[in-house]
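Quick notes on the structure that follows.
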């Protein structure tokens, strides 16, 4: 382990990094760095495969991500938010081949130069190219589980003295399944109303993801560079679901059952344009960056849900169909200017300003079909528009002493949002506004206990905000079936968190303790309304986590390296559960363990075995049972340019979700399995030289992560 002082251009504190063989996990002062290509077991996979193995990271079946107990984490791609959530985010991450990824940065307490939105940030850094001439790499991967998938990527650039042309392209064809069993046991004070609902769900989905980045940098002079970056994403998605609901018990639904078939498809398009100016002041260390950004996003979602209700004797009682069409568009405009320089010869500082304007529009059209007749459902149909303006200013200061380093910053953000729900035939139009201005300070300290830097203490603190996303605020509903609904909540308020972390480093051993306190945390809640089980986002009065972590890397032999990452995290929730007269004050400590065994053999052979374990997990109204997985892979370096890999994920198919959710008068048991057990083969070929391109930060990084 050594301490390295970054150059003035990088404007970062001293960091503690691991030297020698490149390990899967490295610890720096303000982040944990995951080297995506260090494991053979992720070769031929995608970004989700790496995230599932990253320490402290959890990715659930709905695309929600948490980091060390902190929920609602924002995913960044090259210091810019991924601009997507839910299924669209999952599809995008699947299209990012591991061969396109250089590192993944886990930032539980990001500095003030980043947007204050989100409880934490996970930044996926793609491989970048900048050397002269034409060079790059191509990867083809094929995977077999229950269904076949494939994932391809191409990274290249061309550069001469005046021009740098670069591109990343990824394409994946993905087929998977979602199979679950749910049991809802309703126990009412009047026992004659009690009943049990058994649900069996099976979905098969197909999607193709095509993402592409094309950029041009023009070197006007040795001090000035102008650039254009275009990014696009296209994701057609189709899903067929079969839902069987069986009613048993004392109610009037006794022994009846409902069979529903859902045909659901979306077509997502995202296009963004960034204009960038980078200028170094002559004779100074100062640097000016200017970014102008535009983002356009569109999603067309359609569903045809057929439901047949049968009597206990299997005769057909009713037959209905619900047809939904939901076009959604978003436009975001942004500008950002920041300046970096050195004051008094040794204090590095970076002030910046940013402004973002966005408008999002969604139309939800519902129709009921009976036979050949299609009748608009005026009770459900509506339009929803949300406009938001965010202005921000920040300053970041850094000073390195002999053994002591300090970095401090503060960010001010002012948010003004206005929502309108309109064109509702059965009730009047409604609107609401959100206005708030807040300060978000950050602090990082590091002290080397000896001159060699092998022993060091680190401390960080910061404040964050979690703004409600558009889909969270949108009151429109999505029906999985007639008894299961997902809806938004226009009453949501922003959440604020304070985060602290203390760490100790000795050689390749790192121990830490962290604390987070969030008021009004936004999470998903569940309640029963009539016959429907409704899922919707809610504010929890108070959510706190306290955790300990240990990361230890050591060599058993010269060819066998082991990394052990272990965490204990206590989650504590306090708050009223909707307006049902219930108040929760629950907590649970969860144990996490991830082990990485890397093997390096002769003649270009390498391999690894990775295990993950998560203990019992508390999620507001729900509790998940423990789960664990095993991954493995072997790799052969054919020559200096070509590598062949064979890997297996979830080798024993133990990655299954078992959950208990408690609501008023009911307990819901949930079991889920997906196509996680897979065998993958991939081939990577590099042409030219392995190099890097200059990085770029755009001006809409705050808002783009909340595009939908």
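All of the numbers you see were taken from the coordinates with simple rules; none came from a lab. Quick caveat: nothing in here was measured; it's all calculated off a predicted structure. Every residue, glycine as well, gets a Cβ built from its backbone with ideal geometry; the counts of neighbours run over all protein chains shown.
Here are the numbers for the structure shown:
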read-out	value
Model label zone, residue 658; criterion: amide N under 15 Å from point 7 Å along Cα-to-beta-carbon; scope segment 177-214	181-183
In nm, spacing of pseudo-spin labels at residue 529 and residue 644 (7 Å Cα→C-beta vector)	5.8 nm
Estimated FRET transfer efficiency when R0 is 45 angstrom, pair residue 224-residue 402 (beta carbons, to 0.05)	0.80
Ranked packing of 437-445, 510-518, most packed first, by mean Cβ within 10 Å	510-518, 437-445
Difference of contour (0.36 nm per residue) and Cα-Cα distance, residue 623 to residue 506	38.5 nm
Label-to-label distance, nm, for residues given as residue 343 and residue 513 (7 Å Cα→Cβ offset)	3.4 nm
Helix 86-95 axis, angle to the chain major axis (alpha carbon atoms, nearest 10°)	50 degrees
Sum of -39500 (n - 2.57) over DSSP H runs of 4+, divided by residues of the chain (222 nm, nearest 500)	-1000 deg cm²/dmol
Distance between modelled label sites at residue 281 and residue 216, nm, 7 Å Cα→Cβ extension	3.1 nm
Computed FRET value (nearest 0.05) for residue 313 with residue 181, which takes r as the C-beta separation and R₀ as 35 Å	0.90
Calculated FRET value between residue 290 and residue 450, using beta carbons and R₀ = 35 Å, to 0.05	0.20
Length added when fully stretched, residue 582-residue 306, from 0.36 nm per residue minus Cα-Cα	95.8 nm
Cα gyration tensor category, rounded, prolate or oblate, for segment 405-522 with a/c compared to 1.5	prolate
Extension gain from residue 439 to residue 559, taking 0.36 nm per residue of separation minus the Cα-Cα distance	38.2 nm
